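Heads up: the structure comes next, in structure tokens.
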Amino acid sequence: MFFKRFRKVRPAVSVGEALYASAVAQARRPGLYTTLGVPDTREGRFELYSLHVILLLHRLKGGDDFSAETKQALVDRFTKGLDDAFRELGVGDTAVPKRIKKLGEAFYGRARSADQAFATLPDVRPLQALLARTLYEGDDGKAAAMADYVVCVRDDLAAQPTEALLAGQVRWLEV
């Protein structure tokens, strides 16, 4: 613990922390729950946190080494957030890694599915199906509005300068 104070935090780790904090803040916007109908449950919040982190990872895809290091730092911070949440819920030390592994597999599965859905745009049906399955228990009606939101956020992130994102500055759309 004493020596930790003397280690310099790598810039990508600081950026990953800032990007994670911004994704969490966006995922907590009330409009996602009230207007877009995401269930305000642990599962619903996990899905929204995951979705916003996935959108950031997608935006940083194909960048330089610093982008890759930042993406890894973002995923590491996301995983730490899950760990912290389980511990706050009182999950025992021996069970936390198993639960993290299970949610990590779910996260990476969603990330792969999102990339595949993004590749089909402007056809939003695969994205809508993914969102219906993960956020709305199969309700395509609610998923259509969320798919529109996700496409708008994806496009808006794509328009933001990479330099700003790699400085930890994200401008999210209002919900």
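The values are calculated or read from the model by the stated rules, or taken from the named source; none is laboratory data. Please read all numbers here as calculations on a predicted model, not as lab measurements. So basically every Cβ, Gly included, is an ideal-geometry build from the backbone, and we count neighbours across all protein chains shown. Accessible surface areas use protein heavy atoms only, side chains included; no ligands, DNA or RNA. Shrake-Rupley method; radii C 1.70, N 1.55, O 1.52, S 1.80 Å.
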message = I'd like the full set of residues that are at pLDDT 95 or above and of a type in the set (Asp, Glu), limited to region 115-174.
response = ASP115, ASP123, ASP148, ASP155, ASP156, GLU163
ask   = If you go through region 140-166, how many residues are touching a residue at least 40 places away in the same chain (Cβ under 8 Å) and open to solvent by 60 Å² or more (accessible area, probe 1.4 Å)?
value = 3
query = Of everything in region 60-82 that's among the polar types (S, T, N, Q) and in contact (Cβ under 8 Å) with a residue 40 or more places away in the chain, which residue is surrounded by the most Cβ atoms within 10 Å (Cβ to Cβ)?
reply = THR70
request  = Can you confirm whether region 84-105 contains a residue that is out of contact with any strand residue (DSSP E or B) (no Cβ under 8 Å at 6 or more places or on another chain), among the polar types (S, T, N, Q) and at pLDDT below 95?
outcome  = yes
